[in-house]
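*Asks:* Structure in structure tokens, see below.
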Amino acid sequence: MHIADGILPVGACVAAHGIALAGISWLGRRIAAEEVVRLGLISSAVFVASTVHFPLGGTSVHLGLYGLAGIILGHRCFPVIFTTLLFQSLLLQHGGLLVLGVNAINIGCGALCAAMVWRSPLPDSVRAFLAGFVGTAIPAALMATEFQIAGYGRGFGVVAMVYLAVAAIEGAVTTFIVSFLRRVRPAVLARAAA
Amino acid sequence: VRLPLLFLLLAQVSLAHDLSVTEQRAAGAVIMTCSYSGTEPAAYAAVVIFGPSDAKTEFQNGRTDARGRFVFLPDQAGEWRFIVDDELGHRVEKRVMAGVAASVPTGAQPVWQKLVLGLAVIGGASGILYGMKSRRPNRPQPISESDDRP
């Protein structure tokens with residue numbers, strides 16, 4: 001999910017940085033002090049989740065919790081995803097620094113779509129699963145498309161197959177966390193839906 | 001007279017290009033050096049290796065380097081099959097008795113240390129942002145009449 005440096009053209013990476021920074025300044029404007037704690041906690045959760053690895057389809061994949069970030073943070077998920085990806089790149093070597101903008105757009109779009117899914121009038125468990133699913137499936141689809149354009153990798157089909165399975169796991173994990181939060185601290189979800 | 005001489009010359013050329021493999025050990029790793037008659041290195045020749053427990057699935061494959069060398073680290077003791085083929089008609093299969101190679105320390109920072117560092121940085125950044133956002137501007141306080149009284 002985290003693209004490394006040296007795969008995509010430099011020009012595309014620089015342009016993506018510009019778009020990502022514009023997105024941060026737009027979606028991160030006027031952050032209230034009360035929001036900051038929640039942003040920090042979700043950033044920490046996403047940061048830690050990326051170290052939960054499991055083998056799948058001849059490669060190693062990890063949890064992302066991007067859907068959960070979208071559910072709890074709404075449109076604020078985008079700057080949080082960018083910041084978390086920056087720390088993951090610097091400390092865990094997950095993804096490159098040059099390609100950080102591309103990764104932020106891919107994953108940020110997934111989290112934003114998850115936020116939109118969470119606002120739908122579906123039952124909690126269904127929309128939580130769908131939010132977790134699209135939070136991974138959309139970044140994977142964007143990444144596979146970029147690989148296809150750059151002429152890199154094992155092909156769109158292989159990437160899509162691997163990450164569809166990851167998206168299903170993400171959906172299940174997100175459903176579990178949302179049901180847990182609903183019982184323990186429903187205010188977090190109520191505030192997110194507002 | 002010329003024909004036997006020609007055959008003799010070709011045989012000499014063939015012998016001169018015999019592919020041979022020698023083995024060395026270093027810290028449990030097996031270094032295979034492939035050369036033509038021990039002089040000219042068999043550079044970029046295709047190599048496949050089979051472990052003692054599985055004769056069908058390759059343990060490793062690749063190519064020799066520019067000097068004809070190929071290094072592998074056995075993960076179990078026993079007889080290993082090393083096959084080198086320059087894809088120009090020269091092929092050698094060599095059996096190597098090897099023990100388990102010692103694991104090489106990577107010197108990488110443990111993941112838990114990176115995690116703690118990352119969480120500390122995120123927590124610190126959030127704290128700084130919270131401090132900045134929660135700082136209210138200094139507004140003039142309204143003066144109540146009761147305060148004016150001595």
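*Asks:* Using a 1.4 Å probe on the protein heavy atoms, what percent of the accessible area of segment A:1-133 belongs to carbon and sulfur?
*Replies:* For segment A:1-133, the apolar C and S fraction of the accessible surface comes to 74 percent.
*Asks:* Another question, then. Checking the cross-link filter: which aspartates and glutamates have an alpha carbon closer than 15 Å to that of B:K133, excluding same-chain neighbours under 8 positions apart?
*Replies:* Output for B:K133: A:E34, A:E35.
*Asks:* FRET efficiency for B:A66 and B:V111, Cβ-Cβ distance as r, R0 = 51 Å, nearest 0.05?
*Replies:* That gives a FRET efficiency of 0.90.
*Asks:* How about B:K56: which aspartates and glutamates have a C-alpha closer than 20 Å to its C-alpha, ignoring those fewer than 8 places off in the same chain?
*Replies:* B:D75, B:E79, B:D85, B:E93
*Asks:* Counting protein heavy atoms only and a 1.4 angstrom probe, how many square angstrom of accessible surface do chains B and A bury in total, to the nearest 100?
*Replies:* 1300 Å²
*Asks:* Within segment A:91-108, which residues have the backbone N less than 11 Å from the label spot 7 Å out from A:H62 along Cα→beta-carbon, could you tell me?
*Replies:* Counting backbone N atoms under 11 Å from the label point, the list is A:91-95.
*Asks:* Figure the gain on full extension for A:A22 and A:V52 (residue separation times 0.36 nm, minus the Cα-Cα span) and round it to one decimal in nm.
*Replies:* The span from A:A22 to A:V52 would gain 7.7 nm if fully extended.
*Asks:* Counting partner chain Cβ atoms within 10 Å of every residue's Cβ in A:34-41, what's the average?
*Replies:* Average per residue, whole number: 5.
*Asks:* How many nm is it between the label spots at A:R183 and A:A33, if each spot is 7 Å from the Cα in line with the beta carbon?
*Replies:* My value for the distance between the label points is 3.6 nm.
*Asks:* Another question about this same structure. Can you give the mean number of other chain Cβ atoms that lie within 10 Å of the Cβ atoms in peptide B:112-122?
*Replies:* Neighbouring Cβ atoms belonging to other protein chains average 6 per residue here.
*Asks:* Still on this model: Rounded to the nearest whole Å², what accessible area per residue is found for segment A:80-164 with the 1.4 Å probe?
*Replies:* Ligands and nucleic acids excluded, the figure is 41 Å² per residue.
The values are calculated or read from the model by the stated rules, or taken from the named source; none is laboratory data. On a predicted model such as this, the values are computed, not experimentally measured, just so you know. Quick reminder, even Gly has a Cβ in these numbers, built from the backbone with ideal geometry, and neighbours come from all protein chains shown. SASA here: full protein model, heavy atoms, side chains in, ligands and nucleic acids out. Shrake-Rupley method; radii C 1.70, N 1.55, O 1.52, S 1.80 Å.
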